[in-house]
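Please read the structure below before turning to the comments.
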Amino acid sequence: MMFNTVLGIEIALDPNIVKIGDVLITWHGLFTAMGIFVGLNVILRLARLRSLDEDNIYTLALVAIPSGIVGARGLFVIEHWSYFSGSPLDIIRVNEGGISVWGALLTGVIVTVCFAKWRNYPLRVLLDICGLGMILGLAIGRVGDLINGEHLAKATDLPWGVVYTDPDSPAFAHSLAFGSHHPATTYEMLSLLSMFFVLLPLFLRFLNRWPGVTFSFVAIGYAVTRFFLTEIRLDSPEVFNGFVAPQIISGVIIIIVVPLMLLWVKDTDSSRGITQS
């Protein structure tokens with residue numbers, strides 16, 4: 001077998017770490033778990049700084065994490081309904097892969113909003129701290145995508161293109177056919193890390209004065225990232241006029257969140273008696 005690795009970075013790691021009985025531990029699963037753990041700890045630390053009850057954060061996590069998994073699988077099934085309509089039993093085979101990050105995030109936001117209303121918790125502050133924890137956790141999870149070869153992308157001759165040579169990698173056949181290709185999820189990881197390390201100090205210094213604004217920047221930043229990175233990814237079917245589902249969702253998110261952020265800023269300033277000149 002010949003791979004075009006002239007300018008590519010070869011990744012030869014087995015995507016599966018170990019199998020214990022019927023339980024298969026993969027790099028993707030390991031880094032996803034690490035991302036959830038680190039993200040939750042960031043949220044807890046920020047909750048302490050904002051004098052929020054930590055028990056409520058744990059309760060929210062117990063509901064939001066499994067709900068996010070269901071939402072992630074649900075949106076993926078909707079995106080690929082042409083396949084699942086003919087193989088309905090495959091819908092529940094989550095262990096074979098197939099989730100949508102947007103599905104997880106949107107479900108998580110809905111659960112957070114409902115939880116805040118139920119517990120009379122400060123919604124916008126909760127969204128801010130959860131948004132920061134989410135982007136760091138998601139960035140860590142993308143390391144597993146890089147190792148495993150998840151999410152196929154267009155071929156490239158750039159020096160940081162990747163080639164997967166382990167036959168068990170989801171990207172093995174793609175690498176064999178097209179050679180070096182974009183590490184799309186790594187681009188996303190770098191974008192998420194940049195957002196986190198820019199927004200966290202800004203939130204701690206002054207953005208916390210306008211609850212909801214930090215979350216808005218997270219949502220807009222991630223939407224812009226996914227909109228453009230989807231152009232080089234090959235794992236989403238076209239939905240409308242050349243656009244795929246993640247791009248359409250990203251566009252809708254931006255249209256909703258930008259005016260909502262401005263409304264939240266105006267509302268906060270008005271409550272403090274600040275008038276706009």
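SER175 meets each of the listed conditions (1) touching a residue at least 40 places away in the same chain (Cβ under 8 Å); (2) under 24 Å from ILE17 (Cα atoms); (3) touching a helix residue (DSSP H, G or I) at 6+ places or on another chain (Cβ under 9 Å) apart from (3).
Of everything in region 202-231, what is in contact (Cβ under 8 Å) with a residue 24 or more places away in the chain and charged (D, E, K, R)? Give them in sequence order. Scanning region 202-231 gives ARG209, ARG226. Looking at region 75-194, the helices (runs of 4 or more DSSP H) lying wholly inside it that each contain 3 or more residues that are touching a strand residue (DSSP E or B) at 6+ places or on another chain (Cβ under 9 Å), surrounded by fewer than 21 Cβ atoms within 10 Å (Cβ to Cβ) and modelled with pLDDT under 95 sit at 172-178. Condition test on THR225, is it at pLDDT 95 or above, among the polar types (S, T, N, Q) and under 26 Å from LEU152 (Cβ atoms)? Judged against the criteria, THR225 is a match. Exactly one residue among LEU199, LEU234 is of a type in the set (A, V, I, L, M), in contact with a strand residue (DSSP E or B) (Cβ under 7 Å, 6 or more places away or on another chain) and in contact (Cβ under 8 Å) with a residue 12 or more places away in the chain, and that residue is LEU234.
Taking region 111-153 as the range and being touching a Phe, Trp or Tyr at 6+ places or on another chain (Cβ under 8 Å) and of a type in the set (Lys, Arg) as the test, the residues that pass are ARG124, ARG142. Note on region 138-173: residues that are in contact with a Lys or Arg (Cβ under 7 Å, 6 or more places away or on another chain) and among the charged types (D, E, K, R) total 0. Just a yes or no: is a residue in region 225-232 surrounded by fewer than 16 Cβ atoms within 10 Å (Cβ to Cβ), of a type outside the set (Val, Ile, Thr) and part of a helix (DSSP H, G or I)? The answer is yes, given that some residue of region 225-232 is surrounded by fewer than 16 Cβ atoms within 10 Å (Cβ to Cβ), of a type outside the set (Val, Ile, Thr) and part of a helix (DSSP H, G or I).
The values are calculated or read from the model by the stated rules, or taken from the named source; none is laboratory data. Quick caveat: nothing in here was measured; it's all calculated off a predicted structure. Every residue, glycine as well, gets a Cβ built from its backbone with ideal geometry; the counts of neighbours run over all protein chains shown.
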